[in-house]
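Step one of this worksheet: look at the structure below.
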Amino acid sequence: MGNTKTYRLPFLLLLVSLVVCFGLNISLGSVSIPFSETVNALVGGNLENRSWEYIIWSFRVPKAFTAVLVGSGLALSGLLMQTLFRNPLAGPFVLGISSGASLGAALLIMGSSLFSGFMTSGLLNDISLAIASSIGSFLVLLAVMVVAAKVKDTMALLIIGLMFGSITAAIVSVLSYFTDAEKLQQFIYWSFGSVGNLSWAQLSILLGIILIGILLSIVSIKALNAFLLGENYARSLGVDLKKSRYAIIIATGLLAGGVTAFAGPIAFIGLAVPHLTRQIFSTTDHKILVPAVLIYGAILMLLCDTVAQLPNYASVLPINAITSILGAPVVIWLLVRKRRMVF
């Protein structure tokens with residue numbers, strides 16, 4: 001557990017990097033806008049081209065804020081899972097929450113034979129997808145909570161969560177087999193992940209969900225630090241294991257489930273960022289790690305989105321492809337250095 005003052009410089013560098021990446025993300029896109037005009041728009045000045053102002057405020061700024069929330073939420077949920085299970089390769093979706101969100105989206109998109117009346121009335125849109133995904137992730141989270149009340153072994157809970165994920169993934173596969181090509185293509189497009197489809201209203205909802213998850217994580221910092229030394233040690237410190245596990249699971253469900261509902265399933269950020277953060281800060285103290293992963297996750301997601309949007313090109317790469325290209329080498333590196341992980 002290090003002194004907070006020791007980490008002032010790394011935190012300052014991360015915050016500066018966040019500001020730079022945020023500005024870079026807004027400046028670059030399919031439409032070339034001079035950087036001076038971008039800054040002018042952000043400070044409330046008048047632009048030479050009114051369409052530029054519309055692009056910046058209606059598309060690029062919400063997209064950049066979405067990337068910040070998505071990266072922060074996934075990174076923090078990954079840290080929570082790695083600490084709870086004391087497993088360096090645990091990610092934010094090990095409890096099957098992402099699969100539950102995917103099932104909700106799949107039922108809405110590909111279950112047209114069951115819900116055709118609603119489909120024809122225009123139910124299928126971004127908001128309905130977010131609601132369906134949220135319901136799916138919530139139901140899986142509820143099932144995990146019920147199991148957690150009966151299972152005391154944390155590793156058993158991890159395996160059960162993975163089984164829930166396998167069940168929901170199997171149902172999605174069955175739906176995919178029987179659906180038509182158009183619906184299947186739509187679901188696949190959703191599964192690519194995107195941070196560019198949220199309105200300001202949807203963004204405010206996602207912000208509320210992420211803030212609640214962060215608050216629960218902050219409340220659980222003492223328990224998180226104790227969990228690293230084992231459940232027996234945590235119990236000796238007076239930590240209520242049952243309540244702490246509930247709080248961590250709910251926080252993870254809100255963070256990972258909320259992100260998946262609004263941005264689709266985005267891989268590797270939650271797995272990679274906690275380890276990358278520990279390499280910078282060299283500590284296991286969650287008073288340091290919680291705010292650090294929030295900032296680092298936001299930076300990494302902004303960079304991935306900047307690459308994915310292919311500046312000056314109309315095409316946009318799937319954000320999942322970019323995060324996987326970045327994350328897979330990190331996972332390989334972690335496996336190679338397994339004995340040297342900070343756990």
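The combined condition, being farther than 26 Å from ILE210 by Cα, modelled with pLDDT of 80 or more and in a helix (DSSP H, G or I), is fulfilled by VAL172.
In region 275-284, the count of residues that are of a type in the set (D, E, K, R) and farther than 24 Å from ALA130 by Cα is one or more.
Tallying residues that are closer than 14 Å to ASP285 by Cβ, assigned to a helix (DSSP H, G or I) and among the hydrophobic types (A, V, I, L, M, F, W, C) within region 212-238 yields 6. If you check SER113, SER166 for being of a type outside the set (Val, Ile, Thr) and either assigned to a loop (DSSP other than H, G, I, E, B) or modelled with pLDDT of 85 or more (or both), only one passes: SER166.
Can you say whether LEU228 is in contact with a Ser or Thr (Cβ under 8 Å, 6 or more places away or on another chain), of a type outside the set (Lys, Arg) and within 30 Å of PRO62 (Cα to Cα), as far as the supplied structure shows? It is false that LEU228 is in contact with a Ser or Thr (Cβ under 8 Å, 6 or more places away or on another chain), of a type outside the set (Lys, Arg) and within 30 Å of PRO62 (Cα to Cα). Looking at region 196-215, which of the residues that are of a type in the set (A, V, I, L, M, F, W, C) and open to solvent by 70 Å² or more (accessible area, probe 1.4 Å) is farthest from the chain's Cα centre (by Cα)? In this case the residue turns out to be TRP200.
Where helices (runs of 4 or more DSSP H) fall entirely within region 240-322, those with at least 2 residues that are closer than 27 Å to SER32 by Cα and open to solvent by less than 10 Å² (accessible area, probe 1.4 Å) are at 286-308.
Being more than 20 Å from ILE214 (Cβ to Cβ), part of a helix (DSSP H, G or I) and β-branched (Val, Ile, Thr) is a condition met by at least one residue of region 39-54. Take the residues of region 216-227 that are more than 17 Å from LEU74 (Cβ to Cβ) and open to solvent by 30 Å² or more (accessible area, probe 1.4 Å): which is modelled with the lowest pLDDT? Checking each candidate, the answer is LYS222. Checking region 153-168 against the condition returns a match, with at least one residue being within 26 Å of ALA321 (Cα to Cα) and β-branched (Val, Ile, Thr).
In the set (1) in contact with a helix residue (DSSP H, G or I) (Cβ under 8 Å, 6 or more places away or on another chain); (2) in a helix (DSSP H, G or I); (3) not polar (S, T, N, Q), LEU198 fails one condition alone, (2).
The values are calculated or read from the model by the stated rules, or taken from the named source; none is laboratory data. It should be emphasised that the depicted structure is a prediction, and the values quoted were computed from it without experimental measurement. Cβ: placed from backbone, ideal geometry, glycine included. Neighbour counts: every protein chain shown. Each accessible area value is taken on the protein alone, full model and side chains, heavy atoms only, with ligands, DNA and RNA left out. Shrake-Rupley method; radii C 1.70, N 1.55, O 1.52, S 1.80 Å.
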